[in-house]
Structures are given as C-alpha cells and as structure tokens.
1. Let me check against my output: what whole-number percent is the relative contact order of the chain, with C-alpha pairs under 8 Å and at least 6 apart?
2. GNM, the chain, Cα, under 10 Å: largest mean-square fluctuation among Asn278, Asn95, Asn83?
3. Which of the trypsin sites (Lys or Arg not before Pro) found in segment 262-323 are in a DSSP loop and have at most 14 neighbouring Cβ atoms, other than their own, within 10 Å?
4. Once a ≥ b ≥ c are taken as the square roots of the eigenvalues of the Cα gyration tensor of segment 198-255, is the result rounded (a/c under 1.5), prolate (a/b larger than b/c) or oblate (a/b not larger than b/c)?
5. Could you work out which residue, out of Lys76, Lys60, Lys99, moves most in a Gaussian network model of the chain, that is, has the largest mean-square fluctuation with Cα springs under 10 Å?
6. Ordered by residue, what ³J(HN,Hα) values in Hz, to whole numbers, does segment 234-246 give under the Karplus form 6.51 cos²θ - 1.76 cosθ + 1.60, where θ = phi - 60° and Gly and Pro are x?
7. Using Cα springs under 10 Å in a Gaussian network model of the chain, which residue among Leu170, Leu308, Leu193 shows the largest mean-square fluctuation?
8. Between helix 67-77 and the chain, what is the angle of the helix's C-alpha long axis to the longest principal axis, kept within 0 to 90° and rounded to the nearest 10?
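The values are calculated or read from the model by the stated rules, or taken from the named source; none is laboratory data. Keep in mind that this is a model prediction, so the values were computed, not measured. Because the Cβ atoms are built from the backbone with ideal geometry, glycine has one as well, and the counts that use them run over all protein chains shown. Note: areas computed on protein heavy atoms with side chains; ligands, DNA, RNA excluded. Shrake-Rupley method; radii C 1.70, N 1.55, O 1.52, S 1.80 Å.
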Amino acid sequence: MNDMFKNVVLRADGNAEVGYGHLSRLNALANIVKSEFNVVFLTRYNSNISLIEKNIEIIKIPKDVCLRDEVAWIYKKFNSKNNFIVVDGYQFNSNYQKKIKELGYKLMLIDDLMKFHMHADFVVNHAMGLQKSQYKGENYVKYFFGSKYALLRNSFMEFSKSKKEKEIKLEIAFVSFGGTNTAKITRNSVNSLLNFENFKKINVVIGKSFSDVNLIKLFEQNERIKIFKDIGENKIFKIMINSDIAIVPSSTISYELAATRCIIASGFTSKNQLHIYNGLLDKNIIFGLGNITNFEEEDFNKHLNKILNYKKEDFQIKIKNQIKYFDGKQKDRFLKIFKT
C-alpha cells in the first residue's frame, strides 16, 4: 500500500430528492477499499445514511455549509497529504474539482454526465464504448471506462465471477424503475407483462420514495405480482438471480442484472443513462427499448412480442456477453488505482 494515503474519503449524497444512485455507487466502493484503507463517508445532513456500509465512519456536512464553502470545510478536517478524495454527484463541477486539487488532494470523480472540464486525477465512467476524446480535461487526468469499473454491490460482483450460463425459461419477470415517471412506467410495464401467459410471476421492486399507494394496492390484489418495497442488497440479489427477464432503465440496476445473467429489456429515461444504454446495446447485452419516458402499455407489448419471438440462441449470446463484460474483478482494478 502507498504509505502516503491512509484514508479514502468518499463524498456523495442520497435522498428522495436527488436519488440514491451516487450514494449506492460509493457505498459499493467503500466495500471494495475498506480492507486496504481507512474509509470515511462524507454526506450532507439530509442524506439517508442507512444505505451506507456498516462499520464505516460517517461524517455529516452541516446544513449551514453550502457547496461554495464545502471544500474549505473539508480542508479543515482532512489533511491533503494522506487523504484520497472520491466524489460522485452532479454538483462536483470543474470549479469544485479545481479547488480540491489546488489544496493538494488526490481526487477521483465517478462520472456519467461527461459535461465538465475535468481537474480530477482519475475519472471513472462505467459506460462501455467511451473514448478519452469525448472528455475535456487537464493533461494529467487519467480515465477509466467500461463495465470493468462498474461499482456494483458485493453480492453481484462475487456472483459475476462465475462463468456459468443461466438456464433460459422466461417465466419469472423483474421490474424496477426510479426517477422520471416511475409510477407510470412501472404500471404500464407490469400491465404489459400480465398480457403474456408465460410470465407466471412478476417481481416488482420499488423504492422508499414510491408514493402511488393505489398502484401498490392494485398490484397486491393480483396473485401473479409480488411487490417488494425498500429492500436490502441480499433480498434484491436473491430476487434477481431467480428472475428470468427484466424490464429496467439503463442505470446501475441493469449492470447488476447483467451480473446475475438475466435477460434484460432496457431503455433510458434521462440523459445520464444514455451512454450506459448505448454501451449495453453495442455490446449486445440487452434488448433495447430506446427512450421509455412516455411508454404506454402498448409500447411494452410491441417490444415484448418481438423479444419472445427470438430464438434461444439469441438469448444465449446475450448471456455470454454478460459473462464477458461483467467478470467480478472490479476490486482488483480499483485497488490498483488507489495503490499507484
């Protein structure tokens, strides 16, 4: 281990307003590096800290410390000589990165926007098929692209080390959406799945902030639908490995499903999902649905009809590609970055 760095300081926020993706990714990174470094999690006062790995030190940034003053606040608490900072969030723009670097910290940015001029030492984007030329940044910046740097929860990383192919049945479906039009897309995708008799069971996973009570009650009345709300890693992992086909957005959840060797029908609902979507489509890992923001039941019907008419060999190719691009070796790759 590089004696210079004793701590890895992880900075991300997560709540119903900003979502939980950034917090979840750095929580996965905490699990990766905690065996080699002291890990400290920095998050805003209003973040849901129950999502953060147990036995990790958590420091909450007070309400009266605004983003403009945050770097100075961090500098008072963490020596720049032995603390490696990792940030994940859309607020960590060029100016924020530059301030961190000027104080002497080593900095890693987990990115999926490709928007800012980069000042971080390391930029990680887990979308596949990206090129360095698509970014703007300082000459010293090093870039790490693709699913081999996907920050997945430990259960999924460990499972994806297996080369075993999954038996294709297409009997148990999985649905989970967050972000834009969550209730509408969930309702229409589930209603579409109900139109196909081969789907004997439909697992629907929703988050804590899912507020459509009437839709939940409606789902609970159907014996083919099993609804799960605000569940932990072990539970969702078991649900995924026991599901045959999934309808999900092109976010981290699509990567976790690929790690469990599930047939995936995926689209995008926001700009930050587009690069992941294009990468998954290009590597022939998913059945592409395109922009699903305003999808109706009929739109899902059309795509599902097409998917169900594919040959078994077509599904097997996608699972082989999942095995190829999700190998479970992310821990070794990230530790190599931090140690060098």
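1. Details: 597 pairs, mean separation 54.6, N = 340.
Across the chain, relative contact order equals 16 percent.
2. Its mean-square fluctuation being the largest, the pick is Asn95.
3. Values: sites: Lys271, Lys283, Lys302, Lys306, Lys311, Lys312, Lys318, Lys320; in loops: Lys283, Lys311.
Loop-located and lightly packed - Lys311.
4. Details: a/c = 1.68, a/b = 1.18, b/c = 1.43.
Judged from the Cα gyration tensor, segment 198-255 comes out oblate (a/c at least 1.5, b/c at or above a/b).
5. The residue with the greatest mean-square fluctuation here is Lys76.
6. 4, 5, 5, 4, 5, 5, 5, 5, 9, 9, 9, 9, 10
7. In this elastic network of the chain, the residue with the biggest mean-square fluctuation among Leu170, Leu308, Leu193 is Leu308.
8. It is inclined by approximately 60 degrees.
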